[in-house]
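The values are calculated or read from the model by the stated rules, or taken from the named source; none is laboratory data. From a predicted model like this one, the values you see are computed outputs, not experimental measurements. Here the Cβ positions follow ideal geometry from the backbone for every residue, glycine too, while neighbour counts run over all protein chains shown.
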Amino acid sequence: MPKHGKKYLEALKLVDVTRRYSPKEAVELVKKVAHADFDESIDLHIKLNIDPRHADQNVRGTVTLPHGTGRTPRVLVFAVGEAARIAEEAGADYVGSDDLIRQIEGGWLEFDAAIAMADQMGKVGPLGRILGRRGLMPNPRTGTVVRNPEDLPAVIREIKGGRVEFRNDRTGNIHLQIGRKSFTEQQLLENLYVAVDAIARARPQAVKGQFFQSMTIAPTMGPGIPLDVATTVEEARQFVT
């Protein structure tokens, strides 16, 4: 068992692990248990009732958080010619093709999101073994493979403005940052609602029974706060609609 420090143990005393908290109670409490001296991220952890071994049960999508994640992501764009010029003008942090591919193959991964023009996917495809497991691989389903260069500015703006990708891991869990300790309770609550609703809408048709098994929000260094699943899903649905 890992040993926790004094601050963590003091924070843990504030959490009743036998109950499931409403979203409002949870965001109030998560700010109290975030005890680190830096602006901790607040993360949502969801256990899904899926079998990740089956492709038709995997969950993947994007969501634009109304208040962002608290940091501006570094965006890389695989593009050449006019598309590269448009990407640079739209605020992409890194733009290129063969040069970026070589850097990534060499171990460089100093970016948070990747976009590719469709005509670059033949070159980018082999990077799947590197980018795929990190959730960085451009994919048409998440809008990060672009056919028209004129669409690049909108995609870059969305990503920098708070659009994040979610996908289940090998154990059927989703982990998603919904803000930072410095966010207000209302900002965290609204980001939580939008994230939960987006994941609920991404439910595969092949999944039977209850989709969400458990939900927890937690700061980087503090204990998790268990959420009441039914209440959270219903309040998220009402908020979004």
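Observations
- Of the helices (runs of 4 or more DSSP H) that lie entirely inside the stretch 101-218, those containing 2 or more residues that are surrounded by 18 or more Cβ atoms within 10 Å (Cβ to Cβ) span 152-160, 185-201.
Residue-by-condition table, conditions (1) within 30 Å of Q120 (Cβ to Cβ); (2) aliphatic (A, V, I, L, M); (3) in contact (Cβ under 8 Å) with a residue 24 or more places away in the chain:
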| site | (1), (2), (3) |
| --- | --- |
| F166 | yes, no, yes |
| L176 | yes, yes, yes |
| Q187 | no, no, yes |
| V194 | no, yes, yes |
| S214 | no, no, yes |
| P223 | no, no, yes |
| A230 | no, yes, no |
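- Of all residues in the stretch 72-99, those being in a helix (DSSP H, G or I) and in contact with a strand residue (DSSP E or B) (Cβ under 6 Å, 6 or more places away or on another chain) number 4.
- For the stretch 82-110, the candidate set comprises residues that are of a type outside the set (A, V, I, L, M) and within 23 Å of the chain's Cα centre (by Cα); within that set, the residue that is farthest from V124 (Cα to Cα) is G91.
- Set A84, A90, A79: member being among the aliphatic types (A, V, I, L, M), out of contact with any helix residue (DSSP H, G or I) (no Cβ under 7 Å at 6 or more places or on another chain) and either modelled with pLDDT of 95 or more or surrounded by 14 or more Cβ atoms within 10 Å (Cβ to Cβ) (or both): A84
- Residue in the stretch 230-240 that is in contact with a Lys or Arg (Cβ under 9 Å, 6 or more places away or on another chain), assigned by TED's automatic domain parsing to the domain that holds L12, of a type in the set (S, T, N, Q) and part of a loop (DSSP other than H, G, I, E, B) present: no
- Test for T18: is it of a type in the set (V, I, T), surrounded by fewer than 16 Cβ atoms within 10 Å (Cβ to Cβ) and in the same structural domain as R203 (by TED's automatic domain parsing): yes
- Residue tally, condition in a helix (DSSP H, G or I), out of contact with any helix residue (DSSP H, G or I) (no Cβ under 6 Å at 6 or more places or on another chain) and either under 12 Å from P226 (Cβ atoms) or touching a residue at least 24 places away in the same chain (Cβ under 8 Å) (or both), over the stretch 1-27: 7
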